[in-house]
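Notes for the one structure printed next.
Only the coordinates and a few stated rules stand behind these numbers; no lab work does. Please read all numbers here as calculations on a predicted model, not as lab measurements. Methodologically, a virtual Cβ is constructed for each residue, glycine included, from the backbone with ideal geometry; neighbour enumeration extends over all protein chains shown.
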Amino acid sequence: MTTTATTNTSNTKKKLENTEKKDSDHNNNNNNKIANNKKQTTTKAVALLSGGLDSNLAIRMVQELGVEVEAIAVKTPFCDFDCGKGCGHRVQEVALELGIKLKTVYFGEEYLKMLKNPKYGYGSGMNPCIDCRSMMYNAAKEHMEKTGADFIITGEVLGQRPMSQNGNALKIIENETQTNRKIVRPLSFRHLPLTEAESKGLIKREKMGDIKGRSRKVQLQLAKKFDISDPPNAAGGCLLTDPAFSIRIRDLYDHTKEGIPDMNDIELLKIGRHFRLSNNTKLIVGRNKIENEILDSLKLDDDIIIEVSNYVGPTCLVRTKNRSSSSLSSSLPPTPSEKEIEIAASTALRYSDSPKDKLSNVRIKSVGHDEKEIQVFPIDNQVLDKLRI
Ligand code: SF4
């Protein structure tokens with residue numbers, strides 16, 4: 001009897017344990033289901049955030065629908081977040097205000113390669129907007145796929161920018177990046193074709209904008225509605241749309257026959273006065289103390305630094321590239337001709353406190369060589385103007 005009772009007790013215990021296990025499994029399943037349902041019901045989007053007003057508004061409009069947003073900020077070599085000139089320097093501040101995660105993507109060499117020969121050409125300056133936007137879309141698409149987001153948001157406004165924000169350009173960029181119907185542009189949404197987010201009921205057309213063209217009136221009204229104080233100006237910080245900078249970058253690419261310019265060449269373009277002394281040689285003259293210091297920090301081993309000896313004057317950098325491969329001395333580092341050094345030295349004097357009608361001393365410094373001094377007159381303004389890039 002004792003044995004049977006023990007067996008019965010043991011069976012009952014086992015039954016209880018099984019029931020408890022079933023309950024626990026059931027609860028776990030329910031929890032998983034709830035978690036999965038939650039996962040499925042949270043709509044997620046990746047936004048391209050520039051720090052300007054439009055992308056800020058676009059995100060807020062979508063956030064109002066309960067969509068969870070993460071942002072990508074793209075930095076090209078020509079759009080400096082920290083320069084304080086464009087809107088890009090505000091990007092982190094804006095992400096913080098919006099309460100969203102921010103990932104910064106840096107384009108380097110691949111951007112310089114694209115800029116040499118963009119598939120869809122340039123805008124009014126050296127701006128390859130369609131190819132550039134395609135690279136940005138690709139970065140956003142990659143992040144969307146990685147994070148399991150449902151769509152991409154941009155602050156694009158139909159007809160706002162001639163090259164990249166017209167219906168045809170938007171279609172080209174989507175085709176190039178295979179993001180068709182995945183891009184939600186809240187500001188112009190009602191003027192644009194159906195997106196996947198709308199067909200799935202994730203975005204309501206009537207809640208979206210119908211802005212078109214270059215006026216910023218509606219954006220400023222929306223800024224008020226969303227309590228955005230001090231909305232930034234529309235002017236972007238892309239140097240490639242700047243006419244003077246475009247001439248410099250064109251000159252650089254025209255004189256870089258093989259390969260592409262490097263990041264050091266690009267950084268040099270952003271400072272100083274530039275002069276083309278020959279196909280292979282250019283001169284950059286610092287305009288103030290900070291630029292003089294930057295020039296010094298950007299100099300490479302083959303560069304020559306020129307400074308005025310006895311008067312206050314600029315730092316000048318002479319860079320020679322693309323020595324002909326047929327040259328007998330092609331194995332030597334590229335060097336400027338004596339005539340080019342003389343022109344550079346007299347240009348240094350032109351921007352110094354030295355007397356304009358007398359010979360003055362100028363120091364020539366290069367890595368691996370003794371410093372030397374030459375005597376020259378300041379260059380004539382008319383001669384110099386012809387060399388200016
Ligand atoms: S303006 Fe500059 S950053 Fe903007 S799309 Fe054009 S090339 Fe790219």
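Observations on the structure shown:
- Using the Cβ-Cβ distance between His369 and Ser278 with R0 set to 22 Å, the FRET efficiency works out to roughly 0.60.
- Over region 271-387 - Rg/Rh using Cα atoms and the Kirkwood inverse-distance radius: 0.96
- Region 94-209, Cα convex hull volume normalised per residue, Å³: 126 Å³
- Spherically averaged projected area in nm², based on the convex hull that wraps the Cα atoms of region 42-238: 10.2 nm²
- 3J(HN,Hα) along region 111-123, derived from phi through the Karplus expression 6.51 cos²θ - 1.76 cosθ + 1.60 where θ = phi - 60°, amounts to 6, 5, 5, 4, 5, 5, 8, x, 4, 9, x, 10, x Hz, with x in place of Gly and Pro.
- Evaluating kT/(6 pi eta Rh) at 20 °C and 1.002 mPa s, with the Kirkwood radius of region 118-172 over Cα pairs in the Stokes-Einstein relation, gives 176 µm² s⁻¹.
- In this structure the amide hydrogen of Ser215, modeled in the peptide plane, comes within under 5 Å of no amide hydrogen from residues 5 or more places off or on another chain.
- The antiparallel fraction among DSSP beta bridges confined to region 42-238 stands at about 0%.
- Label-point gap, in nm, between Lys212 and Asp251 - each point 7 angstrom along Cα→Cβ: 4.3 nm
- Taking amide H as placed 1.01 Å from N in the peptide plane, Lys101 has its amide H under 5 Å from the amide H of Ala71, each at least 5 places away in sequence or on another chain.
- In this structure, the amide hydrogen of Val376, modeled 1.01 Å from its nitrogen in the peptide plane, lies closer than 5 angstrom to those of Ser360, Val362, counting only residues at least 5 positions away or on a different chain.
- Pairs spanning more than 28 Å between alpha-carbon atoms, out of Lys116/Lys372; Lys113/Lys282; Lys171/Lys225; Lys116/Lys171; Lys289/Lys356: Lys116/Lys372; Lys171/Lys225.
- Stokes-Einstein D in µm²/s, Kirkwood radius over Cα pairs - region 195-251 at 10 °C with 1.306 mPa s viscosity: 106 µm²/s
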